[in-house]
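Asks: For reference, the structure I am asking about is given below.
The values are calculated or read from the model by the stated rules, or taken from the named source; none is laboratory data. Because the structure is predicted, anything quoted here is derived from the model rather than measured. Virtual Cβ from ideal backbone geometry, glycine too; neighbours counted across all protein chains shown. Just so you know, the surface numbers come from the protein's heavy atoms only, side chains and all, with ligands and any DNA or RNA stripped out. Shrake-Rupley method; radii C 1.70, N 1.55, O 1.52, S 1.80 Å.
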Amino acid sequence: MEQLVELFTQLNTFDLIQVIFWGIAGGISFYFSIGNARVWTSIAIGFFLIFLGQAYAINPFTDYYRLAAFHYIIGTVAIMLITHGFLEYYVFCKTFEISGQKLFVYLATVAILTASGLFLYVNPAPGPNTIRNIKMIENAIWVFLSVMNLEIIRKIYDSIRDSTISKAFIAFAIVFLCIFLWKGSELYLQVFQWDKDWQDILAVMSDDSSDIDLYPLRVHFSEVVSRYAGLASGLSVGGTFIYLYRLLK
């Protein structure tokens, strides 16, 4: 209990708000995956998994490297599921055909996550640098698939422009724009080795070769964009799913 209290006192308010709103979106999306059509299943499960991936911020066991790595893997699987779901929705808009069963999506997701967990278990425990590499891969996939999702959402909106649900896809576009800025700014810092994780690694190694002090404005700007875009993504995704719940209730 004392560990939990200490953890919450150290949490950034933005992180806590972000996790809460991703939790709202995750809860509603999980409801969608159970109570609505097959075409929503991949999208709903993906957003629910994002909440699980983001929950590492309030996880008292984040010092366990395998668990930390698994959080980032969950995030990667989540955006892949969401992208697949939007592609399915676009195909549905054009053909009114739905391929597969909801159960297959559930089982495939569980199988992928189980295989990922086993992969981490049978291999040596990842160190801080490996965790950072996994996080960088996750951010890169998020950035590129967010751009792809923006285009798919635009096409879906054009197809259902006159539908009552069309405005929800405008909201989804705002969500992915925020995510692109959030993950993109993090990836920018990681690529140039200006992120906090790399600085912590250098500190442990007593290595002062970083050039982060030469670009304070760029680093600060990227950190601010990451912080506020991350908050905006949480607020917007929570609001989007609340709006969807009212539309589809």
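Asks: Using 0.36 nm per residue, how much length does the chain from residue 248 to residue 87 gain when fully extended, once their Cα-Cα distance is taken away?
Replies: Net length gain for the segment: 55.9 nm.
Asks: With loop defined by DSSP as not H, G, I, E or B, and exposure as at most 13 other Cβ atoms within 10 Å, which is the longest segment of the chain clear of exposed chymotrypsin sites (Phe, Trp or Tyr not before Pro)?
Replies: 97-249
Asks: Give me the angle, in degrees from 0 to 90, between the Cα long axis of helix 216-248 and the longest principal axis of the Cα atoms of the chain, rounded to the nearest 10.
Replies: 30 degrees
Asks: For semi-axes √(5λ) of the Cα gyration tensor in Å, the listed values are [x] 35, 25, 15; [y] 33, 21, 17; [z] 44, 18, 15; which was obtained by calculation from the structure presented?
Replies: [y]
Asks: Residue 135: which aspartates and glutamates have alpha carbons under 20 Å from its alpha carbon, excluding same-chain residues fewer than 8 sequence positions away?
Replies: Cross-link targets: 15, 63, 186, 195, 197, 200, 223.
Asks: So how tilted is helix 65-95 from the main axis of the chain? Cα-based, degrees 0 to 90, rounded to 10.
Replies: It is inclined by approximately 20 degrees.
Asks: State whether region 98-139 is rounded, prolate or oblate according to the following rule on the C-alpha gyration tensor (a ≥ b ≥ c being the square roots of its eigenvalues): a/c under 1.5 gives rounded; otherwise a/b larger than b/c gives prolate, and the remaining case gives oblate.
Replies: Here region 98-139 falls in the oblate category.
Asks: A further question follows. Specify the angular offset, from 0 to 90 degrees and rounded to the nearest 10, of the alpha carbon long axis of helix 13-35 from the longest principal axis of the alpha carbons in the chain.
Replies: Relative to the chain, helix 13-35 is tipped by roughly 30 degrees.
Asks: Can you bin region 68-209 into rounded, prolate or oblate? Criterion: square roots of the alpha carbon gyration tensor eigenvalues sorted a ≥ b ≥ c, rounded for a/c under 1.5, prolate for a/b above b/c, oblate for the rest.
Replies: Judged from the Cα gyration tensor, region 68-209 comes out oblate (a/c at least 1.5, b/c at or above a/b).
Asks: Modelled label-to-label distance, residue 115 and residue 162, 7 Å Cα→beta-carbon offset: nm?
Replies: For the pair residue 115/residue 162, the computed spacing is 4.4 nm.
Asks: Keeping the other protein chains in place, figure out the carbon and sulfur percent of the accessible area of region 87-206, with a 1.4 Å probe.
Replies: Summing carbon and sulfur atoms, their accessible area is 70 percent of the total for region 87-206.
Asks: Excluding residues fewer than 8 places away in the same chain, name every one of the lysines whose C-alpha is closer than 21 Å to that of residue 155.
Replies: Residue 155 reaches 94, 167.
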